[in-house]
Amino acid sequence: MLGLIFAILIVVIDVVISLWNSYNSGQIYATNKALGSIFYTLGGFFPMSYMVTLLITFIAGYLGYISLSTFQFLFSFSFLFFGLTIVIWGVIATVTTGMAALKTRDWKAGLLTVFNAVVTVLDAWEYISGFYSAWKEVRRSIDSSDFSVLDVLAILALAVGIGFVVTYVAFREGLRNSRVAYRY
């Protein structure tokens, strides 16, 4: 029971952080299109799509709509693809906060940089240590007789679509509320 509460709490926090990153990337996009786009994609869109993929997969698996091999494939593939993007995003966020800390000479920004660096190292360690087992699970799931490519594509398309709509609304709101005048 405690594990379920902890898992739900992590999902809620990840969704809130993805929305926050999308909103902030909209504000950044008003002044720097390339950086705002990177922040939106890696900090908002991909993490939100990852969470929605896991939620849809869990619900569909729990209700018996997908086979066990499809369930295992989606969880393992999501870990392989989205896990890598989260590590890349962590590196970018750490470098960005480090640059801000050096520029502003603010101890809070420095503390945030240290926090981002530690979390990025932990994320990278988790990704590296789980890569081989996730890769084996993907291969084993594909070779299974009850694996359904159609189910995988449908769930991924739905999750990416939901992730895009939700984060794009937050992105546009950030763009609209940016301090820099931007016409869209």
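A quick yes/no check of all residues on (1) more than 23 Å from Arg179 (Cβ to Cβ); (2) of a type in the set (A, V, I, L, M):
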residue: Ser22; (1), (2): no, no
residue: Ala34; (1), (2): no, yes
residue: Ile56; (1), (2): yes, yes
residue: Gln72; (1), (2): yes, no
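Go through Phe77, Phe71, Phe82 for me and flag whichever is closer than 21 Å to Tyr132 by Cβ, hydrophobic (A, V, I, L, M, F, W, C), at pLDDT below 90 and surrounded by fewer than 22 Cβ atoms within 10 Å (Cβ to Cβ).
Criteria check complete, one pass: Phe82.
If a residue has to be under 20 Å from Val95 (Cα atoms) and either touching a residue at least 60 places away in the same chain (Cβ under 8 Å) or surrounded by fewer than 12 Cβ atoms within 10 Å (Cβ to Cβ) (or both) to count, how many in the range 123-146 make the cut?
Here the count works out to 1.
Anything in the range 122-172 that is among the polar types (S, T, N, Q) and either assigned to a helix (DSSP H, G or I) or in contact with a Phe, Trp or Tyr (Cβ under 7 Å, 6 or more places away or on another chain) (or both)? List them, or say none.
Ser129, Ser133, Ser141, Thr167
Kindly list the number of the only condition in (1) buried (at least 19 other Cβ atoms within 10 Å of the Cβ); (2) farther than 22 Å from Arg172 by Cα that fails for Leu42.
Among (1) buried (at least 19 other Cβ atoms within 10 Å of the Cβ); (2) farther than 22 Å from Arg172 by Cα, Leu42 violates only (2).
Which residues, counting only those in the range 39-66, are among the β-branched types (Val, Ile, Thr) and farther than 18 Å from Gly83 by Cβ?
Ile59, Ile66
If Leu35 satisfies all but one of (1) under 23 Å from Thr120 (Cα atoms); (2) more than 15 Å from the chain's Cα centre (by Cα); (3) modelled with pLDDT of 90 or more, what's the number of the condition it fails?
(3)
Contact list please: Cβ distance under 8 Å, first residue in the range 97-112 and more than 19 Å from Asn24 (Cα to Cα) and among the hydroxyl-bearing types (Ser, Thr, Tyr), second residue part of a helix (DSSP H, G or I) and modelled with pLDDT under 80, pairs at least six apart or on different chains.
Pairs that qualify, where the first residue is more than 19 Å from Asn24 (Cα to Cα) and among the hydroxyl-bearing types (Ser, Thr, Tyr) and the partner is part of a helix (DSSP H, G or I) and modelled with pLDDT under 80: there are none.
Within the range 141-153, does at least one residue satisfy the condition of being modelled with pLDDT of 90 or more, within 19 Å of the chain's Cα centre (by Cα) and not charged (D, E, K, R)?
Checking the range 141-153: at least one residue is modelled with pLDDT of 90 or more, within 19 Å of the chain's Cα centre (by Cα) and not charged (D, E, K, R).
The values are calculated or read from the model by the stated rules, or taken from the named source; none is laboratory data. All of these numbers come straight from a predicted model, not from anything done at the bench. Heads up, the Cβs are rebuilt from the backbone with ideal geometry, glycines too, and the neighbour counts pull from every protein chain shown.
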